[in-house]
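Note sheet for the following structure.
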Amino acid sequence: MSKKVRFSPDLMLPAIGQGTWYMGEKADLRQQEVAALQEGLECGLTVIDTAEMYADGGAEKVVGEALQGRRDRAWLVSKFYPWHAGSDEAIEACERSLKRLQTDYLDLYLLHWRGNIPLEETISAMEKLQQQGKIRRWGVSNFDLGDMQELWQEQGGNACAANQVLYHLASRGIEFDLLPACEARHLPVMAYCPLAQAGRLRHDLMSHPELHAMAQQQGISVAQLLLAWVIRRPGVMAIPKASSIKHVQENAAALTITLNDEQLTIMDRLFPPPQSKQPLDVV
Ligand SMILES: NC(=O)c1ccc[n+]([C@@H]2O[C@H](COP(=O)([O-])OP(=O)(O)OC[C@H]3O[C@@H](n4cnc5c(N)ncnc54)[C@H](OP(=O)(O)O)[C@@H]3O)[C@@H](O)[C@H]2O)c1
């Protein structure tokens with residue numbers, strides 16, 4: 001069965017989406033990146049995650065090109081800089097993103113990380129964008145539990161639709177407190193760097209001998225093992241970035257992989273879950 005994450009009672013999304021960080025940086029890779037994103041859509045990876053930051057808007061342009069004639073098949077996420085989180089700046093940043101993406105709405109708009117602008121100002125800008133039909137939902141990224149608690153206390157803060165944070169087998173800090181708190185509120189967590197290619201706890205998991213052996217035994221790749229692990233919890237979506245068709249197809253196939261208790265126990269032994277509060281890992 002293909003795994004899904006519940007965003008609201010009437011919205012279930014595939015538990016694996018597509019990241020775009022580093023796309024749009026090199027002109028000679030552009031067609032390959034467009035083709036990879038389009039293949040992802042074909043394979044059911046309908047959530048596409050981008051940001052105004054990536055390649056300084058270049059990644060959004062690649063996504064815009066990939067979505068030509070296909071916009072209605074994608075669930076599109078972008079993010080704005082913390083210094084664009086004020087009332088007018090957030091509206092203007094969103095309009096610039098929409099232009100680069102060649103669309104008139106985002107399905108989800110995220111504050112990329114927390115800055116100095118009061119949360120209430122950002123919430124009111126998000127509400128305005130929703131009223132204008134420019135975004136369907138809004139959320140946050142790189143918010144630890146304390147930030148989420150502050151947000152939930154703000155008027156309108158409960159409307160936050162997702163928190164996007166770093167999460168992979170070698171960086172499990174959120175399991176201690178943030179993830180259970182989000183799960184208790186049915187707030188989806190979007191796991192970035194699910195293949196552990198970045199972050200403070202960056203790890204070369206792809207060449208880990210025991211993970212390799214486990215994957216081989218099941219006839220899957222280590223990347224698929226890692227993705228299946230990230231989405232083993234029902235409220236977590238993984239957003240791997242892949243610019244090769246082979247990787248995209250492999251990642252999509254991970255939607256139907258379930259790990260058994262024995263495999264999960266081995267992975268816990270290799271990369272133990274946190275026993276205390278950990279600083280939020282970020283890139
Ligand atoms: N909110 C935030 O602050 C934040 C921060 C970082 C990232 N993100 C988002 O999360 C996304 C994912 O994170 P990420 O791009 O840093 O790291 P990632 O998805 O963990 O790793 C991406 C790397 O893994 C490779 N890869 C993908 N699928 C593979 C497969 N099946 N087998 C082997 N290698 C594979 C890709 O290669 P190819 O490209 O060659 O296929 C790429 O080099 C980003 O693209 C971005 O959208 C958000």
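If a residue has to be touching a residue at least 24 places away in the same chain (Cβ under 8 Å), of a type in the set (S, T, N, Q) and part of a helix (DSSP H, G or I) to count, how many in the range 20-39 make the cut?
Of the residues in the range 20-39, the ones touching a residue at least 24 places away in the same chain (Cβ under 8 Å) are 20-25, 29-30, 32-39.
Still in the list and also of a type in the set (S, T, N, Q): 20, 32, 38.
From what's left, part of a helix (DSSP H, G or I): 32, 38.
Qualifying residue count for the region: 2.
Here are some residues: E120, E89. Which one is surrounded by fewer than 21 Cβ atoms within 10 Å (Cβ to Cβ) and under 16 Å from M148 (Cβ atoms)? Just one listed residue meets the conditions, E120.
Conditions (1) away from the ligand (no atom under 14 Å from the Cβ); (2) open to solvent by less than 30 Å² (accessible area, probe 1.4 Å), marked per residue:
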{"site": "Y167", "(1), (2)": "no, yes"}
{"site": "R172", "(1), (2)": "yes, yes"}
{"site": "R185", "(1), (2)": "yes, no"}
{"site": "Q218", "(1), (2)": "yes, no"}
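Among residues of the range 56-79 being within 18 Å of V140 (Cα to Cα) and buried (at least 24 other Cβ atoms within 10 Å of the Cβ), the one that is nearest to the ligand (Cβ to nearest atom) is K79.
The set of residues in the range 1-40 being closer than 24 Å to F80 by Cβ and more than 12 Å from the ligand (Cβ to nearest atom) consists of V5, F7, S8, L11, L13, R30, V34. Pairs, please: C-beta under 8 Å, at least 6 apart or cross-chain, first residue more than 14 Å from D261 (Cα to Cα) and among the hydroxyl-bearing types (S, T, Y) and in the range 217-236, second in a helix (DSSP H, G or I) and near the ligand (Cβ under 10 Å from one of its atoms)? So the pair list comes out as S221/E250. Just wondering, is there one or more residues in the range 190-205 that are closer than 18 Å to L255 by Cβ, open to solvent by 20 Å² or more (accessible area, probe 1.4 Å), within 12 Å of the ligand (Cβ to nearest atom) and touching a Leu at 6+ places or on another chain (Cβ under 7 Å)? For the range 190-205, residues closer than 18 Å to L255 by Cβ, open to solvent by 20 Å² or more (accessible area, probe 1.4 Å), within 12 Å of the ligand (Cβ to nearest atom) and touching a Leu at 6+ places or on another chain (Cβ under 7 Å): present.
The residues listed here are H203, H186; of these, the one that is under 30 Å from E127 (Cβ atoms), out of contact with any helix residue (DSSP H, G or I) (no Cβ under 9 Å at 6 or more places or on another chain) and not hydrophobic (A, V, I, L, M, F, W, C) is H186. Quick check on A213: is it over 14 Å from the mean Cα position of the chain (by Cα), more than 16 Å from K241 (Cα to Cα), away from the ligand (no atom under 15 Å from the Cβ) and of a type in the set (G, A, S)? Yes; evaluated as a whole, the condition is true for this residue. What residue, among those in the range 226-280 that are part of a loop (DSSP other than H, G, I, E, B) and small (G, A, S), is surrounded by the most Cβ atoms within 10 Å (Cβ to Cβ)? Checking each candidate, the answer is A242.
The values are calculated or read from the model by the stated rules, or taken from the named source; none is laboratory data. All values reported here derive from a predicted model rather than from experimental measurement. Virtual Cβ from ideal backbone geometry, glycine too; neighbours counted across all protein chains shown. Ligands, DNA and RNA are stripped out before the accessible areas are found, and what is left, the full protein with its side chains, is counted by its heavy atoms. Shrake-Rupley method; radii C 1.70, N 1.55, O 1.52, S 1.80 Å.
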